[in-house]
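Comments concern the structure below.
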């Protein structure tokens, strides 16, 4: 038993099966990211003009983002070249181009995780009067009411990233020390080290720049996280094509080329999502 | 008539008859369609059973009656929509009565009770702020706001006078609830983070039950309040007997 | 009736909590409240609770001599070894839409039985900060649930969301030496081995708790506490 | 290459190979029936999984019906069993849920939420889309298999894992999800662990449906047999095609919403939690800034198309069965096809009619009321076409036909009672009442389920080569028909009297409900009787696998291509590639000797 049109296109539709399948799958992916982009728009439109939940503009590092965008666009080109090499029956060139594509994916994820790390180690202290002090803190900067300093922040971060404080019963914070960020326009170095002491009774909550920090970070981490999972998934497929999957080239080269094309289409989609994500999260 | 047969409960609001009327009309329409279909159905089954009609007809129905029937259905639906549904809803959301001519009440729903707040003598509500919420001050009323000093807070028992529209500003503390008084033909979700106004005008005195019409947790079925429509004199008497809540907001803690 | 139930349960708890170290002495004393406490609020009962008659909140229960009831007095530190939790369960009851007792002490790991004697639904919503919280419904008469607490915490508040005036406070402590003051404000912690202890007295509405150093060397030691009413 | 050669000439001729061949067969049992890639086996896997969960969901409901009929009374036997089972799985859980056999409100809510979830996502969708779609669609279009057999298997196993997760969630501390099948935030955001498992389970179920949808659509586009043009497709295939698109495009937003609610619960985000939330008396420490309405929009963007996912396959089955048993072509095939396409499209723009009471302004309500009323038009056309198809027929009243005929008025009632609910103003009175419950249950219970039963009886001979017992089938039908109406008809009256849904005590708390809550007893009796009438079906189903009457490949003398395959069809389905020469319903063609002319028949 053979399933027809796995390799050659069906006459009336002009397509082979996997190509129909991948386009349908991408349509559902569009709906998935579409829903998240809609959420982004809604959260942004609903965000207050002032206060702790104000939508932060230009918070992320644009040069790094731009570089990462470049990496991904470049990989989109190399994945086409990989496919084209196969069409031209040049397996060696395919290996090279696919290898570069995979490395680009790795580079992208590496840079992204560095960006994540920086966010997770940056804190905001939300005061009860509505102001927020952002800056850097170490574990020993948090003094609890009962007992000695613990790895309180890091521990809670794993649970929900939020430290209860203030008048709530769960409040156990005596005070915290925070080295505030330099105010815009002032010398960065000078302000960095002067730690400020904030009493626990003034604090509503403390959070690192994780998804729990504000709706902006929630959607930022969800969108980029989901995108990163897609990049990773694409890389797994590409690595398979580059490595063990190549076997098929010797038995059924046309089908292998088709597979690479499908993987490439998915990779393009992943890039395309990033091309929307970059301006939406970094620039606007 | 058909409503009554189906056991609709008595109406006690001014806009109720319009809604009941529309429901009545739709029910007649449904009934007509259903009887039409069923009659056709049963007749067909009897007439074209195999023993009576051993050879089927390749063509079947050729008349266009069904098309006409469907066009008629479409027209009736359009009439219901344009002449009844749109204006009825429009009246409910666009034509709010003036606040000065109405009884204005704030309702804050919580698991599993209705907090009802009256503005008191000054007809103005005190400020409420989430940051002030504590076990002693469940609604976060600002103790320093002079307007709030004479506010009246009651739990689960809402009084309104007859002959005046009632405007309710509805919100919720925790989860989504739904303020529903069937006799008033009124339902409105109470959504945390939003204050949603609604209004109705009672036309009967009496006790009506407020039910929660949106699953809100294990005590959902018990989230019962009372809406008591008094004569204006009784209402004034009741209002005078209520002690101002001040900043306490009606909490027991 | 409520006082009686409360007293009997409290003394029963004491009896069960005490016996192991019967050797040493004990601590007794009285907790008083100075100043006039804030007025209690009358409770507007829902119809299903009407059997109760009228009642007010019971945040500050003070007798004529100033004795303050519902204070948890417990040995906070100084014990050489930890005592195992008693196998007998502490019981808290809901009847006529109120908790009985209002303040209750249990040991870490001791079973707490929460029961509903009303013909209506209560949900028992515990909101601790160090222990694991729970929120269980008890819809019918006779429902009982068992809970234990893993960490000391004074107090864990229990409340019912259907009847917003219903509160109870459970003090979770580390050892069996604790007592809740009675209607006259007196307490008695018997059976303490000799030693120096930090004794703490906690009232659910008055912060912070008070502590005192007590030395027990056979016989009964006296230790009184005085709380200041808020607003005075 | 070698592997292909071996496959094609699998029947080794020399004796030397025989021993090896036997061994190969032994090994392959696991691959043949468990990790199968054959669409028919996967269809069967879906069928059994779906039927088991359907029964399980029904059991949950029967327990709830006890509580509604006899509030606060201990449930005989079952109550204590459930209590001990839960206690065994998780200490104290049984006492919190079912102490002394009395159901607690939290457990009631869990049962309600899981009844909805299981019936929809693990009962009807796997049956209607997974089982019938898998078994019938490739056969009807004359294909050898699905386009992606391994993705097909992955789709089933994803559903299986999702089902396991859902089932396990009953035994975690706090019990299963209890925030309704709609899982509205913030209630679901502050619920116990069961809700997290619900979300994880849903993500598996959604993945399953997405993979399935890609596969079905590709199969229908690519693998149609020669001559099987679009207008020669059986209506069932059209229904599955549209269903596939609904799943493909409507499910991802719910997946996104599920991920976000999971983030809310596990990562402390506030997608659906507004600022200023007070949870159990204390201001919550989450950042706030989210919107509970966002969840509702994303949920109902799936939720409404999902209704059509449930009903369209059943309509397709009913259409096949009616055509076959009236012995005449379906009336208005083209209008059926265009109606179903239009219905599919419209189902994406009516979702907010589930949210009329959320504070909707005039403009938005006008839009959604209009689309909702418009969507009734194609539904009326489909139903009318099926009714009119009966006219002039030569009707055989066998079991599948009875179920198909039962579907028509039942779906009619369900559809018609949707009309008042389409109007925003009437919702002021009927919102969240039992009227709504009765309405949508008429669509899915006596509606869709009857369609599915019709399908099971109809295609049983194709799958097994044997017939199910007709007599017991009729008992099954008439019993179910009476009981279904006994359950749902009184609910309209309860709803008209204002009884709200999801009330643990069935309305005892409310005075206005006193006049109608006595009918809860009758409803519950009907529900339990309905269970009794399923017993003949279950026995009949298993008994007939071995002992049913053996029949030919085409016992119903039907026209569509699946009946040209052997019964049961072998791996690869057809002996030789079929070709379609005509439309799907050429019954009683004038001038032909027989009263049916199969699609694959040359002349």
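The values are calculated or read from the model by the stated rules, or taken from the named source; none is laboratory data. What you see is a predicted model, and the numbers here were worked out from it, not measured in a lab. In this analysis, Cβ positions are derived from the backbone assuming ideal geometry, glycine residues included, and neighbour counts consider all displayed protein chains.
Looking at residue D:454, is it out of contact with any strand residue (DSSP E or B) (no Cβ under 8 Å at 6 or more places or on another chain), at pLDDT below 95 and either within 26 Å of residue B:52 (Cα to Cα) or in a helix (DSSP H, G or I) (or both)? Spelling it out, it is not the case that residue D:454 is out of contact with any strand residue (DSSP E or B) (no Cβ under 8 Å at 6 or more places or on another chain), at pLDDT below 95 and either within 26 Å of residue B:52 (Cα to Cα) or in a helix (DSSP H, G or I) (or both).
Total residues in the stretch B:194-253 satisfying the condition of being without any contact (Cβ under 8 Å) to a residue 12 or more places away in the chain, within 14 Å of chain D (Cβ to nearest Cβ) and within 22 Å of residue B:184 (Cα to Cα): the figure is 2. Only one of the numbered conditions (1) facing chain D (nearest Cβ under 7 Å); (2) farther than 29 Å from residue D:428 by Cα; (3) modelled with pLDDT under 95 is not met by residue B:45, and that is (3). Let me spell it out: the conditions are (1) modelled with pLDDT under 90; (2) in contact with a helix residue (DSSP H, G or I) (Cβ under 7 Å, 6 or more places away or on another chain); (3) in a strand (DSSP E or B), and residue B:153 meets all of them except one. Which number is the exception? Single failed check for residue B:153: (2).
Condition test on residue D:53, is it in a helix (DSSP H, G or I) and within 14 Å of chain B (Cβ to nearest Cβ)? No.
Please find, among D:411, D:440, the residue that is out of contact with any helix residue (DSSP H, G or I) (no Cβ under 6 Å at 6 or more places or on another chain), within 19 Å of residue D:304 (Cβ to Cβ) and either more than 7 Å from every other protein chain (Cβ to nearest Cβ) or in a helix (DSSP H, G or I) (or both). Sole residue among the options that is out of contact with any helix residue (DSSP H, G or I) (no Cβ under 6 Å at 6 or more places or on another chain), within 19 Å of residue D:304 (Cβ to Cβ) and either more than 7 Å from every other protein chain (Cβ to nearest Cβ) or in a helix (DSSP H, G or I) (or both): D:440. If the condition is being more than 8 Å from chain B (Cβ to nearest Cβ) and touching a residue at least 60 places away in the same chain (Cβ under 8 Å), then the stretch D:370-403 contributes D:382, D:386, D:398, D:399, D:400, D:401, D:402, D:403. Against the numbered list (1) at pLDDT below 85; (2) touching a strand residue (DSSP E or B) at 6+ places or on another chain (Cβ under 8 Å); (3) outside any loop (DSSP other than H, G, I, E, B), residue B:147 comes up short only at (2).
Okay, residues lined up against (1) part of a helix (DSSP H, G or I); (2) surrounded by fewer than 16 Cβ atoms within 10 Å (Cβ to Cβ); (3) touching a helix residue (DSSP H, G or I) at 6+ places or on another chain (Cβ under 7 Å):
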{"residue": "A:4", "(1), (2), (3)": "no, no, no"}
{"residue": "A:8", "(1), (2), (3)": "no, yes, no"}
{"residue": "A:20", "(1), (2), (3)": "yes, no, yes"}
{"residue": "A:48", "(1), (2), (3)": "no, yes, no"}
{"residue": "A:53", "(1), (2), (3)": "no, no, yes"}
{"residue": "A:77", "(1), (2), (3)": "yes, yes, no"}
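Looking across the stretch B:95-113, the residues that are surrounded by 15 or more Cβ atoms within 10 Å (Cβ to Cβ) and within 14 Å of chain D (Cβ to nearest Cβ) come down to B:107, B:108, B:109, B:110, B:111, B:112, B:113. All of D:318, D:337 fail the test of being touching a helix residue (DSSP H, G or I) at 6+ places or on another chain (Cβ under 9 Å), surrounded by fewer than 24 Cβ atoms within 10 Å (Cβ to Cβ) and in a helix (DSSP H, G or I), apart from D:337. In the stretch B:168-180, of all residues being over 27 Å from residue B:20 (Cα atoms) and more than 7 Å from chain D (Cβ to nearest Cβ), the one that is surrounded by the most Cβ atoms within 10 Å (Cβ to Cβ) corresponds to B:172. So, residue D:541, is that one at pLDDT 95 or above and over 30 Å from residue D:573 (Cα atoms) or not? No. Inside the stretch D:255-268, residues that are under 22 Å from the mean Cα position of the chain (by Cα) and more than 8 Å from chain A (Cβ to nearest Cβ) make up a count of 1. Tallying residues that are closer than 22 Å to residue B:207 by Cβ and facing another protein chain (nearest Cβ under 8 Å) within the stretch B:1-15 yields 3. Out of the residues in the stretch D:225-252 that are at the interface with chain A (Cβ under 9 Å from one of its Cβ atoms) and buried (at least 24 other Cβ atoms within 10 Å of the Cβ), which is nearest to residue D:600 (Cα to Cα)? Filtering the stretch D:225-252 for residues that are at the interface with chain A (Cβ under 9 Å from one of its Cβ atoms) and buried (at least 24 other Cβ atoms within 10 Å of the Cβ), the one nearest to residue D:600 (Cα to Cα) comes out as D:244. Restricting attention to the stretch D:269-291, does a residue exist that is part of a helix (DSSP H, G or I) and either within 14 Å of chain B (Cβ to nearest Cβ) or crowded, with 22+ Cβ neighbours inside 10 Å (or both)? The answer is no; no qualifying residue exists. Taking the stretch B:114-125 as the region of interest, how many residues are free of Cβ contacts under 8 Å to residues at least 60 places away in the same chain and either more than 26 Å from the chain's Cα centre (by Cα) or within 14 Å of chain D (Cβ to nearest Cβ) (or both)? Looking only at that region, the number is 2.
Residue-wise test of (1) within 12 Å of chain D (Cβ to nearest Cβ); (2) under 27 Å from residue B:223 (Cβ atoms); (3) assigned to a loop (DSSP other than H, G, I, E, B); (4) touching a residue at least 12 places away in the same chain (Cβ under 8 Å).
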| position | (1), (2), (3), (4) |
| --- | --- |
| B:80 | yes, no, no, yes |
| B:87 | yes, no, no, no |
| B:135 | yes, yes, yes, yes |
| B:143 | no, no, yes, yes |
| B:158 | no, yes, no, yes |
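Of the strands (runs of 3 or more DSSP E) lying entirely inside the stretch C:122-229, those containing at least 2 residues that are touching a residue at least 60 places away in the same chain (Cβ under 8 Å) and either under 21 Å from residue C:112 (Cβ atoms) or touching a helix residue (DSSP H, G or I) at 6+ places or on another chain (Cβ under 6 Å) (or both) are C:153-159, C:167-173, C:178-180, C:186-192, C:195-202. In the stretch B:181-193, the residue that is surrounded by the fewest Cβ atoms within 10 Å (Cβ to Cβ) out of those that are more than 7 Å from chain D (Cβ to nearest Cβ) and more than 21 Å from residue D:280 (Cβ to Cβ) is B:183.
Restrict the check to the stretch B:215-234 and report whether at least one residue is surrounded by fewer than 24 Cβ atoms within 10 Å (Cβ to Cβ), assigned by TED's automatic domain parsing to the domain that holds residue B:136, modelled with pLDDT of 95 or more and part of a loop (DSSP other than H, G, I, E, B). Checked against the condition, which is being surrounded by fewer than 24 Cβ atoms within 10 Å (Cβ to Cβ), assigned by TED's automatic domain parsing to the domain that holds residue B:136, modelled with pLDDT of 95 or more and part of a loop (DSSP other than H, G, I, E, B), the stretch B:215-234 yields at least one hit. The selection criterion, being assigned to a helix (DSSP H, G or I), out of contact with any helix residue (DSSP H, G or I) (no Cβ under 7 Å at 6 or more places or on another chain) and more than 14 Å from chain C (Cβ to nearest Cβ), holds for residue D:81.
The residues in the stretch B:94-113 that are touching a residue at least 24 places away in the same chain (Cβ under 8 Å) and touching a helix residue (DSSP H, G or I) at 6+ places or on another chain (Cβ under 7 Å) can be counted, and the count is 1.
When we screen C:147, C:151 for residues that are within 14 Å of chain A (Cβ to nearest Cβ) and in contact with a strand residue (DSSP E or B) (Cβ under 9 Å, 6 or more places away or on another chain), the only hit is C:151. Would the stretch D:97-110 turn up any residue that is touching a helix residue (DSSP H, G or I) at 6+ places or on another chain (Cβ under 6 Å), on the phi > 0 side of the Ramachandran plot, assigned to a helix (DSSP H, G or I) and more than 14 Å from chain B (Cβ to nearest Cβ)? Looking through the stretch D:97-110, at least one residue is touching a helix residue (DSSP H, G or I) at 6+ places or on another chain (Cβ under 6 Å), on the phi > 0 side of the Ramachandran plot, assigned to a helix (DSSP H, G or I) and more than 14 Å from chain B (Cβ to nearest Cβ).
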